[in-house]
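What follows is one structure encoded as structure tokens, with my remarks underneath.
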Amino acid sequence: MKKNQKGQALIEFVLVLPVLILLIFAFIDLGRIILENNRLENITTIAISKYKENNQYDEVLSYLKEMGYEDIELSITREDNLLKINVNKDINIITPGLDKILGSSFDVEVERVVNYE
């Protein structure tokens, strides 16, 4: 390799590196959002089963806090024979620049409506 070609490769690397780092952080944020969505889906399943056992919102919330789910917002509404459970959580975005697009935190929300008899 000639001396000029080594310098050219270094310049290309320096130009591409920030883009690669940005993509890596964006994939990490996307993975965190997907994992949190799955976690919230599991929480809704737990909340539905606990609510069907004793019909008390406070008991469901305290049970979830005992299990370590303290950082979530839970709402349960009941209309006729439908039970609507809404769970959401804010995730802080770590990708530089992406926080300008999505905001400093991203709200992950899961809503489930089931028959309740």
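The numbers here are math on the coordinates, done by the rules we state, and not lab data. These numbers were taken from a predicted model, which means no experiment stands behind them. When we count neighbours, we look across all protein chains shown, and the Cβ atoms used for this are built from the backbone with ideal geometry, even at glycine.
Tabulated values for the structure
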quantity: Shape box of the stretch 66-109 [Cα atoms, principal axes, largest first, Å]; calculated: 46, 25, 8
quantity: Residue among ASN37, ASN81, ASN92 with the largest mean-square fluctuation in a Gaussian network model of the chain, springs linking Cα atoms under 10 Å; calculated: ASN81
quantity: Unit charges at the beta carbon, dipole of the chain: most positive-side option, TYR57, LEU102, ILE85; calculated: LEU102
quantity: Sum of side-chain charges, ASP99 neighbourhood, beta-carbon under 15 Å (Lys, Arg +1; Asp, Glu -1); calculated: -1
quantity: Residues LEU22 and LYS52, FRET efficiency given R0 of 41 Å [Cβ-Cβ distance, rounded to 0.05]; calculated: 0.35
quantity: 0 to 90° range, to nearest 10: angle between helix 3-54 axis and the chain longest Cα axis; calculated: 0
quantity: Distance in nm between pseudo-label sites at ILE91 and LEU10 (7 Å out along the Cβ direction from Cα); calculated: 3.9
quantity: Label selected from (1) 1.01; (2) 1.30; (3) 0.92, the criterion being Rg/Rh (Cα atoms, Kirkwood Rh) as computed here; calculated: (2)
